[in-house]
Amino acid sequence: MSERITLFADILLPIPVPGTFTYRVPYELNDAIKVGQRAVVQFGRSKILSGLVVRLTEEVPEVEVKYLMDLLDEEPVVQPIQLRFWDWVKTYYLCHPGEVMQAALPSALKLSSESTVALHRDYVLDSQSLNDFEYLIVEALQTQPKIAVSEVSRIVGFKKVMPLIHTMMEKGILVLEEELNEKYKVRYERTLRLADPYRDEPSLQALMDALTKRAFKQLEVMLAFLSMGGDCDHELPVTAVLKKARATTAVLNAMVGKGIFEVRERPVSRLKTFEAQVPVSSIQLTEAQQRAFDQVKAGFEASKPVLLHGVTSSGKTELYIKLIQETLDQGRQVLYLLPEIALTAQIINRLKQYFGAKLGVYHSRYGTNERVEVWRYVNDFAQHRGEGRCQIIVGSRSAIFLPYSDLGLIIVDEEHDASFKQVDPAPRYHARDAAVVLGAMHHARVLLGSATPAYESYYNALQGRYHLVELQQRYGGVEMPEIVLSDLRVEKRRKTMQADFGRTLLDAVRTTLEQHNQAILFQNRRGFSLRLECDDCHYVPQCINCDVSLIYHKGQNVLRCHYCGYTASVPSSCPACHSTNLKMHGFGTEKIEEDLKILLPEAKVARLDLDTTRSKNDYQHILEAFQDKETNLLVGTQMVTKGLDFDSVKVVGVLNADNMLSYPDFRAHERSFQLMAQVAGRAGRKGGQGKVVIQTYEPMHPVLQDVLRNDYRGLYEKQMATRRQFGYPPFYRLVMIRLKHKDDRKLNPAAAALASQLRPLFKQDLLGPEYPMVSRVKNLFIKQMMVKFKREHNAQQVKALIMEQVRLFQEQPDFKSVIVQIDVDPC
């Protein structure tokens, strides 16, 4: 008889605490349990959670532990290599493992219990002894056996219902239970198959003869079914058959009742399927592209990440497609990261022509169930290598956490973009840097592509850490666009301004529209007006939760905070002095759209910003309409600057370059150049040379002059000298520490205390504590300090010192309520 083994499992839970929790494995689950499966555990006195099994051991813990309740999966949903990657993210970005799990797993795979109430089995209804609220709850429970606590709140009309529920429990009326809710719902479709009595041809012919005589509608359904390839062994979707036959459900039900058809249900995917239409071999690279392609492969041979510095419209995507095909031929997976969801629509349309069903999409606009299906296709790749779907994943930064088993290629397109950096909540990771580490774990090839690389990436390439490949010619010999700086001081002096448009820009847009071409206008502010101000006392409406002014949105006729979402009605008079002399100042994309419809009534204007892209497919609809020339003038925020490819765009306008240049950040000049160079790259991608008009009050600004010359390297050299002198990346590493509290009288001494702990360790390399530009967000006051240290220093030792001081700080009773957030490599 084999020896009975007692196993213990370390369970990772999606909560922000250090470490894991140990549970005893029931003996009957010993043979079923595996690392990477989800397990149901009791957490605390009553809460039930699902967690991940990250370690199995026979080592007996020093304290008594609870039993693991059940397993949710037959096979692991997370791969061992993925757990290693999570551990690196936790260590490098100084966060808790549960926070990494929370960010990585789709919400439908993270199950938690919901409190429900039910009538006590011994309770006898006595309506006279119940108050009004108790009667409402009991009445609801007589029609359904259980209701959620959240539903109780809705029934009685107030939020804090737990005291009421506890009172009813003490009276013996209610019991409180915890139920684990499965969030993922399998989609089923009804299918149709021919019943077995009609398997042979004579029986089927006799049926057809009978239907011809007395049931013509049923005959049409049968003919549609047979013409679509259906029989006793091949099922067809009910909806497809009825659509082809133009018949109703009643006709089909009658045939099912006669035993002609059998209706079944089968699980189906929610994901769209694509058909490959064009072979990758049809792509013919130019001489410059072929040279770059060979250099990229040489970099891969040297086992280095490759930085592809290719000007806008140089044909980088064709190189990506060739490399993807090579990886598929090796039977490995591909990850294609993009900074903006808006970009995925165009890229998917291009890639699906070549790769069809092997293409999968993963980003936050996908529904909960769709994200789970993509996760499972990727996880199943090891069992169905090269056969299944989603061998290529196109996605935003969260796609880096999918359960890849054999990544062969990672492409980070527009790698300079700040959207790759997660800001809140933790883990505050940078997808580009994490992709390089993930690639090394999988022994995958990593390609970073951009027309304006991040200075850290370019520095790494020049230092030999990355392999640098330059592609400085536009595809098809198209010229780089002509760039014109429009001096707004001169325009105002000559009185040639119309609304917020100078004559130079307006004439260029008008000319291109007359030639049946298109234009894109960029303004990095959404909304209608940036602030409403009283001309008499200079009162400006402020958010009640944040230290920012409210922005006017004309479409909803409200003032809105872009930090917390608070809205207020537009006052008819000044709340401070009661003057009616209120004026709008500044302009956003909404105002530009309205002004253009007045100034250019013949234009068909569309707007691309957060306000117009709230639902999943809004991006795609706006961009497809522009691609099909249903609209010819696109106004947008930085969404319009990133990688979009439209043949007919000949003019691009930057409405206000000065806001970007004057932003108080050491990366302001780098980001300004990147944004303007990227938006300029949307012009003249096919056919004749495009034109870019940049409106500014400082046309001689050094950065604008570098944009004019398209001198990326020149600005890079100047910025490197400044950053070396003052100690900023890439020569120094940065760790930002933010402290938050609802009471600034508690926050200030807390920040001073933590700074006093850190200053002896870092001396002049500790900056702060200071209030940031926005010192209160969502009713929390913020103070921050920054630790700088040279790249040559041991980063893990420095981070360990910081974490130790933060731990000691949080142990002090006066500061336990202070929130501490650590941001490694802040953007």
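The values are calculated or read from the model by the stated rules, or taken from the named source; none is laboratory data. Being a predicted model, the structure only gives us computed values, none of them experimental. All Cβ positions, even for glycine, are placed from backbone atoms using ideal geometry, and neighbour counts span all protein chains on display. Remember, those area values only see protein heavy atoms, side chains included, never the ligands or the DNA or RNA. Shrake-Rupley method; radii C 1.70, N 1.55, O 1.52, S 1.80 Å.
Of all accessible surface on the chain at a 1.4 Å probe, what whole percent is carbon and sulfur? Intermediate results must be reported in sequence, preceding the final value.
Working: 18980 of 38350 Å².
The value for the chain is 49 percent carbon and sulfur by accessible area.
Which order do the peptides 594-604, 57-67, 460-470 come out in when sorted by mean C-beta neighbours inside 10 angstrom, highest first?
Numbers: 594-604: 14.6, 57-67: 9.9, 460-470: 17.2.
Answer by packing, highest mean first, reads 460-470, 594-604, 57-67.
Each label was represented as a point 7 Å from its Cα along the Cα-to-Cβ direction; for residue 63 and residue 778 these points are 3.0 nm apart.
Using a/c under 1.5 as the rounded threshold, could you call segment 425-483 rounded, prolate or oblate? The axes a ≥ b ≥ c are square roots of the C-alpha gyration tensor eigenvalues, and prolate needs a/b larger than b/c, oblate otherwise.
Values: a/c = 2.31, a/b = 1.83, b/c = 1.26.
It comes out prolate by the Cα gyration axes.
Could you run the Karplus curve 6.51 cos²θ - 1.76 cosθ + 1.60 with θ = phi - 60° over segment 308-324 and give me ³J(HN,Hα) per residue in whole Hz, x for Gly and Pro? For segment 308-324, the Karplus curve yields 9, 9, x, 4, 4, 6, 8, x, 5, 4, 4, 5, 4, 5, 4, 5, 4 Hz.
In vacuo Debye scattering of segment 408-550, one point per C-alpha: log10 I(q)/I(0) at q = 0.19 Å⁻¹? For segment 408-550, the Cα-only Debye profile gives -1.16. Remark on segment 194-301: ratio of C-alpha radius of gyration to 2.2 N^0.38 Å is 1.88. Note that segment 485-501 has calculated 3J(HN,Hα) couplings of 9, 9, 7, 5, 5, 5, 4, 6, 5, 7, 6, 9, 6, 10, 6, 9, 10 Hz, one per residue in order, obtained from phi through the Karplus relation 6.51 cos²θ - 1.76 cosθ + 1.60 (θ = phi - 60°); glycine and proline are x. Dividing the mean sequence gap of close Cα pairs (under 8 Å, 6+ apart) by how many residues the chain holds gives a relative contact order of 10 percent. So for the chain, considering every pair of alpha-carbon atoms, how many percent are separated by more than 49 Å? Cα-Cα pairs in the chain separated by more than 49 Å: 31 percent. Multiplying the residue separation of residue 34 and residue 614 by 0.36 nm and subtracting their alpha-carbon distance yields 204.8 nm. For segment 63-176, taking Cα atoms only, Rg and Dmax work out to 21.1, 63 Å respectively.
Taking a straight line from the alpha carbon of residue 591, these lysines sit under 25 Å away, with near neighbours fewer than eight places off in the same chain left out: 492, 495, 554, 583, 604, 616, 629, 642, 650, 691.
Taking N as the residue count of segment 355-441, its C-alpha radius of gyration divided by 2.2 N^0.38 Å amounts to 1.10.
The share of Cα pairs per 5 Å bin across segment 216-363, counted from zero up to the longest distance, runs 2, 7, 13, 14, 12, 9, 7, 8, 7, 7, 6, 4, 3, 1, 0 percent. Computed over segment 297-361, the P(r) tail beyond 14 angstrom holds 67 percent of alpha carbon pairs. Diffusion coefficient of segment 523-682 by Stokes-Einstein, Kirkwood radius over Cα pairs, 25 °C, 0.890 mPa s: 141 µm²/s.
Quick one: accessible area per residue over the chain, 1.4 Å probe, rounded to a whole number of Å²?
Values: 38350 Å² over 827 residues.
With the other protein chains kept in place, the chain gives 46 Å² per residue.
Using a 10 Å cut-off on Cβ atoms, rank the peptides 584-592, 788-796 from the highest mean neighbour count down. Don't skip to the end; give the middle numbers.
Details: 584-592: 21.0, 788-796: 12.7.
Averaged packing, sorted descending, gives the order 584-592, 788-796.
Packing here is the average count of other Cβ atoms within 10 Å per residue, and on that basis the peptides 276-282, 624-630, highest first, run 624-630, 276-282. In vacuo Debye scattering of segment 6-135, one point per C-alpha: log10 I(q)/I(0) at q = 0.10, 0.15, 0.18 Å⁻¹? For segment 6-135, the Cα-only Debye profile gives -0.41, -0.73, -0.96.
Our coupling estimate for segment 88-97, obtained by passing each phi through the Karplus curve with A = 6.51, B = -1.76, C = 1.60 and θ = phi - 60°, is 5, 4, 4, 6, 6, 9, 6, 9, 8, x Hz, Gly and Pro reported as x. A Förster radius of 60 Å, combined with the Cβ-Cβ distance separating residue 503 from residue 75, puts the computed FRET efficiency at roughly 0.35. Scaled to the globular estimate 2.2 N^0.38 Å, the Cα spread of segment 684-794, given as radius of gyration, is 1.57.
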